[in-house]
Structure formats: C-alpha cells, structure tokens
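Below: one structure, written as structure tokens.
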Amino acid sequence: MRQATVHIDREALQYNLNRVKQLAPTAKVVSMVKANAYGHGIKDCLAALSSTDAFGVACLEEALEIRALGYAQPITLIEGVFSEDEMNVVINNNLEVIVHHQPQIKWLLAHKELYLAKNLKVWVKLNSGMNRLGFKFAEIIDVIHLLKAEGFDCVLAMHFANADTENHPLNEQQKNQFLQVKQACSPILASCCNSAAIFKWPELNFDFVRPGIMLYGASPFADLSAHDLDIRPVMTFTAEVIALNTIQAGESVGYGSTFIADKIMNIAIVSIGYGDGYPRAFIQQNYVVIHGQKRCVIGRVAMDMIAIDVTDLEITLGTEVELWGKQRLVDDVAEANGTIGYELLCRLSNRPSRK
Ligand SMILES: Cc1ncc(COP(=O)(O)O)c(C=O)c1O
C-alpha cells in the first residue's frame, strides 16, 4: 500500500491548548476548528480539544459536523449566516452568529424570540481597518445599542490584519477603535485576539480568545518558530522511499529535467506529490528529514512523487521520510515554497491516510 500519512498528535494539541490557557488565563477559549481543523481532521482534533470552552467555524456546515459528532460546546459562526433560511438551523443547533452587515441584523431580529430563548450570544463585528467584514466605527455603536435594547447578549468582536507584524501602524488604529467601542458600549463582552495577538498583547485577551494556528503547533510569526513559542507541531506528514536510483554526472531527474547531477548521486524516490498537498512551487532549496538528517528535494515535485538526494545515506526501500512535522517545521517548508504554514496544512488532499 502506498504510504503517505498524516499523523495527528493529540497530546501536542492538548499541550498547545494549555499554552493558550497559560497565556490568557482569564479568557474563555474559542478554538478555531474551521477548514477541517486547519486540515488536521475535525474528528481527531475535537477529541483532543474537549477542554476548550467553545469552537469557531466559518459556516453552518462546519458547525453541524461538530454537533453531529456529539459536541455540545458553544459554536460561533465567525461569518454569521449567509441567508435568512439558515437562522432556524442555527437556533435549533444552539449556534451563535456573528453579525457583520445590516441584512444579518434583520434576519436575527426576525428570529429574535427563538434565539433569545436559547440564551445564545450575538457576536457583533467591528471593521476597524481590515476591511473584510464588520460594521465601521461610526455605525457599530448604534448597532450594539439596538441589539442590547432588543435583549441580546452581545460580544464585541474584531480581527487584526497585522497582529503578526511588530509596529504595523494599523495595529494601533484597530486597538484604539476596539477599545473606544468597548467603552462606549460598556458593559459588553469582548474578543479580538487570534494566535499572534494572544502571544503579543495579553492586555487584549478580554472575555474570549480565538486561537487557530497556534493550537496546531505552527507559528503565526515569520521570525519566531514553533520551538521559540513553545508550541508543539500537531501534524507530522510522512511518506516512504519507493525506489532507489544511482545517476551519473550529467543525468537529469524528473519532469522538465530541471535538476542535472554534477557527480554520481544516489536518489530516493518518495511517495508524495502535489496530489497529496505537497507544494510544487519552490523559491528556496527545500528539504525533508530522513533518519533525523536533512536531505534536499531535487528536480520538480510531481503529482505522486518527489526525488531526494540521499548520496551519503544508508537507506532502503520503505524508509520513512518526514515532509513536515516535529523535525522539519511546516512553517519552514512553507517559507521555502513562498507560502505560509496555514496554507500547506489546509490544502492537504484526502489521499494521504490519517493516523
Ligand atoms: C475571525 C477569526 N478569528 C480567529 C482566527 C484564528 O487566527 P489564527 O489562526 O491566526 O490564530 C481567524 C483565522 O482566520 C479568524 O478569521
């Protein structure tokens, strides 16, 4: 059987959740498990996140999957509903919505009695400069006052555009607007911290933090690794050596013959490719780890295979290769491929088996 395997370390996930709790001891934790728990597999991750206070997802379908697996914690739909007909399903399944534009307020008010009867909170999103979702500063205070007057328990919510970037000028603007709205609408519950903000701004933890990437043991920062942050990679992605070749100087490897040997080399062919979610584009030399040692990927990544220079290594068919995980951090693979760890994790295909 072809060996391309995603291993999920539930203890690492629990460890990382505990790191969130250490960093934000007074806040409730809304674990972000959207996009199939950042590609890790929702079922396994939920089992390891049983001590979280709540979950955050991007849409109704993701929330219903969590309910179908039997989890009763609060769930926030971080983009709210996409049409009014979702409101009944939301209420029947005890889901909490974000409201970020006027039509959603109308839909919510139309279902007010049932929503309030379930004691569900409403998350009200401030657009403080990211300019994706939310009410602008000039509008949100009226929105919150209206919702409060209608009897809703509101959570003021915001998302930072640059929490991973030290001294970005938008950070101050976003913080200031958030704090001003919070004060103007006091008392109100509040939530603005993703992983980067949890690490950087403990004073902004407030009532709910919303960690995503740090739970999975990848870093939100370009200049700080998972090891620096004391978080543990949850996913280890491995494959096996399926063929061994010796090539002479002047011979090439793979599609396009982009790699040409300048000496006699031993090449291992490994059962992984872009059909599994291993990235094809690269901007720096990429490598894998075999027997604890870094070895370069050579030539083009194909749909099902990559080639590795194993010239000075003793290996056999079936030798395990770590593509990313505890030894080769996903963030470093991402950097070599001009992307971020988030993307590599989320875009794994269904083909690798899961353990
Ligand atoms: C609204 C919101 N909150 C929290 C997060 C978690 O962010 P991170 O994975 O950087 O911790 C996300 C992720 O996209 C988000 O959209």
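Descriptive notes on the structure:
- Any hit, the range 212-226, residues being within 13 Å of the ligand (Cβ to nearest atom), assigned to a strand (DSSP E or B), touching a residue at least 60 places away in the same chain (Cβ under 8 Å) and in the same structural domain as residue 31 (by TED's automatic domain parsing): no
- Counted residues, the range 167-176 - those being more than 16 Å from residue 203 (Cβ to Cβ) and within 16 Å of the ligand (Cβ to nearest atom): 2
- Odd one out for residue 318, checked against (1) at negative phi; (2) in contact with an Asp or Glu (Cβ under 8 Å, 6 or more places away or on another chain); (3) modelled with pLDDT of 95 or more; (4) not acidic (Asp, Glu): (1)
- For the range 336-346, the candidate set comprises residues that are touching a helix residue (DSSP H, G or I) at 6+ places or on another chain (Cβ under 9 Å) and not in a loop (DSSP other than H, G, I, E, B); within that set, the residue that is farthest from the ligand (Cβ to nearest atom) is 344.
- Flag if residue 233 is near the ligand (Cβ under 8 Å from one of its atoms), assigned to a loop (DSSP other than H, G, I, E, B), of a type outside the set (Ser, Thr, Tyr) and in contact (Cβ under 8 Å) with a residue 60 or more places away in the chain: no
- Check on residue 307, modelled with pLDDT of 95 or more, among the small types (Gly, Ala, Ser) and in contact with a helix residue (DSSP H, G or I) (Cβ under 9 Å, 6 or more places away or on another chain): no
- When residue 26 is tested against (1) away from the ligand (no atom under 16 Å from the Cβ); (2) within 27 Å of residue 229 (Cβ to Cβ); (3) part of a helix (DSSP H, G or I), only condition (3) is not met.
- Residue 198 satisfies every condition listed in (1) crowded, with 16+ Cβ neighbours inside 10 Å; (2) touching a Ser or Thr at 6+ places or on another chain (Cβ under 8 Å) except (2).
The values are calculated or read from the model by the stated rules, or taken from the named source; none is laboratory data. Remember, it's a predicted structure, so these values are computed and weren't measured experimentally. Because the Cβ atoms are built from the backbone with ideal geometry, glycine has one as well, and the counts that use them run over all protein chains shown.
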